[in-house]
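One structure is given here, and the rest of the page talks about it.
The values are calculated or read from the model by the stated rules, or taken from the named source; none is laboratory data. Please read all numbers here as calculations on a predicted model, not as lab measurements. Every residue, glycine among them, receives a Cβ derived from its backbone with ideal geometry; neighbour counts consider all protein chains shown. In case anyone asks, the SASA skips ligands and DNA or RNA and just uses the protein heavy atoms, side chains included. Shrake-Rupley method; radii C 1.70, N 1.55, O 1.52, S 1.80 Å.
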Amino acid sequence: MQDDTPDDSKLTRTKRLWAEAGKFLTGRASRPQDERLPPGQHLVRDWPVLDLGVHPNVPLSTWRLDVTGLVETPLSLDWAQFQALPQTELRTDIHCVTTWSRYDNDWRGVKVQDLLDMAGVKEGAGFVMLHSFDGYTTNLPLMDFAAPDAILATHWMGQPLTQAHGGPMRAVVPHLYFWKSAKWLNRIDLLPGDQAGFWERNGYHMYGDPWREQRYG
Ligand SMILES: Nc1nc2c(c(=O)[nH]1)N[C@H]1C(S)=C(S)[C@@H](COP(=O)(O)O)O[C@H]1N2
Ligand SMILES: [Mo]
């Protein structure tokens, strides 16, 4: 698993990548500066549950998060190892393709960048496929998954994430439609090219930018 010897070149490389991820996302600026609600969305106060209909029960004793594919060090973390990573708190908005948005969600968990730092991104990795315990998959560019505000969330509004909302842990990638935010996340696969995940094979957009209304492919 993780080695204890610091690897400066690996860390430097990933730090450089994350700096680029931040600039890349800011520079693209598909969100107009004075707008918060993307086109075609309406605000909700509650938090709807949307998924394939199965809420897998994943006991913490058997829970694992694997990081596979184009990484220097493939990871297979148990819950205690995952909890030992730096914990981050973030407040972000949710935009679901079914047209609801929810502002000011307080998340706690592990920053995607911190996990990827641990694994070390290999040259040539351009995309990720997220695999979940219910068999769900979704694809996104690595730079979007590694956005500064993307988090592997275990808590919402100070409470452990409920099973229905993806507990014990889900991805949250706030600048893309919410179907990219895999619930019950089990494996992150780093890939050289883009492949369609579950909804992407079923008519949804490969990228899913709410500000460009990239709902359907
Ligand atoms: N594992 C998994 N993750 C998933 C889904 C799913 O069916 N399975 N549905 C996606 C869709 S379409 C949406 S809109 C959001 C809904 O998250 P919520 O139920 O917490 O609102 O989860 C996304 N992540
Ligand atoms: Mo969705």
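With all protein chains kept in place, the per residue accessible area of the range 12-144 amounts to 48 square angstrom at a probe of 1.4 angstrom. Under a Gaussian network description of the chain, with springs only between Cα atoms under 10 Å, the residue in Gly124, Gly166, Gly69 that fluctuates furthest is Gly124.
Kirkwood analysis of the range 137-207, using all unique Cα-Cα pairs, places the hydrodynamic radius at 12.7 Å.
Once you've got the GNM for the chain with C-alpha springs shorter than 10 Å, pick whichever of Arg16, Arg91, Arg187 has the biggest mean-square fluctuation. Maximum fluctuation in the GNM of the chain, among the listed residues, is at Arg16. In this view, the solvent-accessible surface of Ser76, computed with a 1.4 Å probe and all protein chains in place, comes to about 40 Å². Its residue count N fixes a reference of 2.2 N^0.38 Å for the range 82-131, and the Cα radius of gyration divided by that reference is 1.47. Sorted from longest to shortest, the spans of the Cα atoms of the range 174-217 along the three principal axes equal 28, 20, 18 Å.
Return the aspartates and glutamates within reach of Lys10: Cα separation strictly under 12 angstrom, same-chain partners fewer than 8 residues apart disregarded; answer none if there are no such residues. The reachable aspartates and glutamates, counting only those whose Cα sits under 12 Å from Lys10, are Glu72, Asp117, Glu123. A probe of 1.4 angstrom, applied to the heavy atoms of all protein chains, finds Arg64 with accessible area near 100 square angstrom.
Work out the P(r) tail for the range 53-98: percent of alpha carbon pairs separated by more than 17 Å, whole number. So the portion of pairs separated by more than 17 Å is 61 percent. Using only protein heavy atoms and a 1.4 Å probe, report how much of Val44 is accessible, in Å² to the nearest 10. Spelled out: Val44, probe radius 1.4 Å, area about 30 Å².
Comparing Thr92, Thr62, Thr154 in a Gaussian network model of the chain (Cα springs below 10 Å), the most mobile by mean-square fluctuation is Thr62.
Taking a straight Cα-Cα cut-off under 26 Å and skipping sequence neighbours fewer than 8 places away in the same chain, the lysines within cross-link reach of Lys180 are Lys15, Lys23, Lys111, Lys122.
Entry note, the chain: the mean residue ellipticity at 222 nm calculated from DSSP H runs of n ≥ 4, each adding -39500 (n - 2.57), is -5500 deg cm²/dmol after division by the residues and rounding to the nearest 500. What shape does the range 63-217 have by the C-alpha gyration tensor, where a ≥ b ≥ c are the square roots of the eigenvalues, rounded means a/c under 1.5, and otherwise prolate means a/b greater than b/c and oblate the rest? It is oblate, given that a/c is not under 1.5 and a/b is not larger than b/c. Of the accessible area of the range 138-217, with the probe set at 1.4 angstrom, what percent is carbon plus sulfur? Of all accessible area on the range 138-217, carbon and sulfur atoms account for 55 percent.
Please list, by residue number, everything in the range 167-207 whose backbone N is under 20 Å from a paramagnetic label point 7 Å out along Cα→Cβ of Phe24. Answer for the range 167-207: 171-182, 188-197, 205-207.
According to the Kirkwood relation over distinct C-alpha pairs, the hydrodynamic radius of the range 1-132 is 17.8 Å.
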